[in-house]
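Notes follow once the structure below has been shown.
No lab work stands behind these numbers, since they all come straight from the coordinates. A quick note: this is a predicted structure, and the numbers were derived from the prediction, not measured. Cβ atoms come from the backbone with ideal geometry, glycine included; neighbour counts cover every protein chain shown.
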Amino acid sequence: MKVKAVFYHAGCPVCVAAETNLAKAIDTSRYDVEIVHLGKDSTRISEAESAGIKSVPALLLDGSPFHINFGANLADLK
């Protein structure tokens, strides 16, 4: 069974670079990767907050949040 990986971002240059270089490098034979653009789908901001995401870009890997770099606070996306 694959582990769930969710990459949250807001579309800023830092986020796009992280998506290009990190999220797309994840082994999809081991991980079910979902990319969520919070700038386009703000309904998922509360989901990200509940999972422990504080800023984007961030990767939620098997329920654990990993903050990659600082692009934007989630509060700024509301």
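Inverting the pair-averaged 1/r between distinct Cα atoms of the stretch 20-59 gives 11.3 Å as its Kirkwood hydrodynamic radius. The trypsin sites (Lys or Arg not before Pro) of the stretch 3-41 that DSSP puts in a loop, and whose beta carbon has at most 12 other beta carbons within 10 Å, are Arg30, Lys40.
Net charge in the neighbourhood of Asp62 (other residues with Cβ under 15 Å of its Cβ; Lys, Arg +1, Asp, Glu -1) is 0.
Along each principal axis, taking the top coordinate minus the bottom one, the Cα set of the chain gives 35, 24, 19 Å in descending order. Over all other residues within a Cβ to Cβ distance under 12 Å of Ala75, the charged ones net out to 0, with Lys and Arg as +1 and Asp and Glu as -1. Restricting attention to the chain, lysine pairs at least eight places apart or on different chains and with alpha-carbon atoms under 17 angstrom apart total 4. With K and R counted +1 and D and E -1, the other residues having a Cβ less than 14 Å from that of Val33 yield a net charge of -1.
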